Amino acid sequence: MRGPKSDGFRVLLGGILVLLIAVCIAGAARFAVEAAADAQADPWTAAQTVQPVEFAKEISEAGGAGKPTVVCVAPRVLYEGGHIPGALFHGPGSTARAIDDLKKWAQSVPRSENIVIYCGCCPLDHCPNLRPAFVTLKDMGFTHLRALLIPTNFYTDWVKPGYAYEKSPAQ
């Protein structure tokens, strides 16, 4: 014969079991969604990327007409603190204002122009600026567009290894 205490215990155990199953299912679903998002997070192909060591060599060897147009889409304070020599500043690619500025600039640029964009504000997998700027230029039809992949930040992956950089003059 069962008493009221054992029925309550069974109900409690059943509730806990249902809750654990629900948590496991939700966790698995979240993992699947995040994995799918990560797989689609980068709007560029491997051929549309360049690593710091390769790009530093490319710009040091390129002369005049062969030199790529470099576009910085980092926050202004980072650009002013140090940027790739000759890089054009168009503001953080995560803002509508910067994207509008980038579009305005790009309207008069030949679609075959050799353009490399970069940010370097933070680890690449968290960067809010590079992807929107890349997509903007890609959607505008640029055919020789590359993203400079700075895995950690501009200082660690560009300045510290000794690649050329310049600072903006004090304003």
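Taken together, the values in this text are just the output of simple stated rules run on the coordinates, not laboratory data. Given the structure is predicted, the values throughout are model-derived calculations rather than measurements. Don't worry about glycine lacking a Cβ; one is built from the backbone with ideal geometry, like all the others, and counts go over all protein chains shown.
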Gain in length, S168 to S60, computed as 0.36 nm per residue apart minus the alpha-carbon separation, to one decimal in nm? 36.9 nm
Can you give me the long-range amide H partners of N114? Hydrogens built in the peptide plane at 1.01 Å from N, cutoff under 5 Å, separation of 5 or more residues or another chain. T69
Inter-label distance, nm, simple model (7 Å from Cα along the C-beta direction), A41/K103: 2.6
Gain on full stretching of the segment that runs from R111 to H144 - 0.36 nm per residue minus C-alpha separation: 11.1 nm
Which of D139, D100, D42, D157 has the fewest other C-beta atoms within 10 Å, and how do the rest follow up to the most? D139, D100, D42, D157
If each residue of separation counts as 0.36 nm, what is the full-extension length gain between T49 and C122 once their alpha-carbon separation is subtracted? 24.5 nm
